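Q: First the structure, then my questions, so here it is.
The values are calculated or read from the model by the stated rules, or taken from the named source; none is laboratory data. Keep in mind the model is a prediction, meaning the values are calculated, not measured. We place every Cβ from the backbone using ideal geometry, glycine too, and count neighbours over all the protein chains shown.
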Amino acid sequence: MVRAVGSAVTRSYKTSLIPGFIIQFSLGVLFTTAYIYILQQFQISDTLSLAFTGGLIGLGHGFAFSFIMVILAEHHPVEKFQNASFQVAIAHFFAHIVYGFLIGLMFAVMT
């Protein structure tokens, strides 16, 4: 994913790693902040409930992202990334659920 994001900006696979990492990391921090803000609004104190709520947020995020990714992939400037299959979308969908679950878990542990 890092190379796909980076090459969308650089239009080259060879020069995509560093920009892709910077973009992916920055968006990860931004989305983590949004997840934590949303989790705070629920005022949940139970660790497992926070983790599962984070997973539910990740489910919505993953659904939206997977849908958008499949649509945008066909317009990607690097041919290698123009074919986002259903399996790729499903993998990203579940990865976002795990991401949200872990954010909820870490938020619970740190508060």
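Q: Just to be sure I understand, how many residues within the stretch 49-75 are closer than 17 Å to residue 110 by Cβ and loosely packed, with under 15 Cβ neighbours inside 10 Å?
A: Within the stretch 49-75, residues that are closer than 17 Å to residue 110 by Cβ and loosely packed, with under 15 Cβ neighbours inside 10 Å number 1.
Q: Return only the number of the condition from (1) more than 11 Å from the chain's Cα centre (by Cα); (2) within 20 Å of residue 2 (Cβ to Cβ) that residue 41 does not satisfy.
A: For residue 41, the failing item is (2).
Q: Among the residues of the stretch 49-70, are any outside any helix (DSSP H, G or I), modelled with pLDDT under 95 and not basic (Lys, Arg)?
A: First, the residues of the stretch 49-70 that are outside any helix (DSSP H, G or I): none.
Looking through the stretch 49-70, none of the residues is outside any helix (DSSP H, G or I), modelled with pLDDT under 95 and not basic (Lys, Arg).
Q: Within the stretch 39-48, can you find the residues that are assigned to a helix (DSSP H, G or I) and surrounded by fewer than 17 Cβ atoms within 10 Å (Cβ to Cβ)? Don't jump to the end; show me each part of the working.
A: We begin by selecting, within the stretch 39-48, every residue assigned to a helix (DSSP H, G or I); these are 39-42, 47-48.
Result: 40, 41, 42, 47, 48.
Q: While we're here: Conditions: (1) more than 20 Å from residue 73 (Cα to Cα); (2) exposed (fewer than 14 other Cβ atoms within 10 Å of the Cβ); (3) touching a residue at least 60 places away in the same chain (Cβ under 8 Å). Residue 12 meets all but one. Number of the miss?
A: Looking at each condition in turn, residue 12 falls short on (1).
Q: Does the stretch 17-32 include one or more residues that are within 13 Å of the chain's Cα centre (by Cα), touching a residue at least 24 places away in the same chain (Cβ under 8 Å) and surrounded by 13 or more Cβ atoms within 10 Å (Cβ to Cβ)?
A: yes
Q: What are the pairs, 6+ residues apart or on separate chains, where a residue within the stretch 83-103 that is within 10 Å of residue 66 (Cα to Cα) has its Cβ under 6 Å from a residue that is β-branched (Val, Ile, Thr) and assigned to a helix (DSSP H, G or I)?
A: Pairs that qualify, where the first residue is within 10 Å of residue 66 (Cα to Cα) and the partner is β-branched (Val, Ile, Thr) and assigned to a helix (DSSP H, G or I), are 84/70; 89/70.
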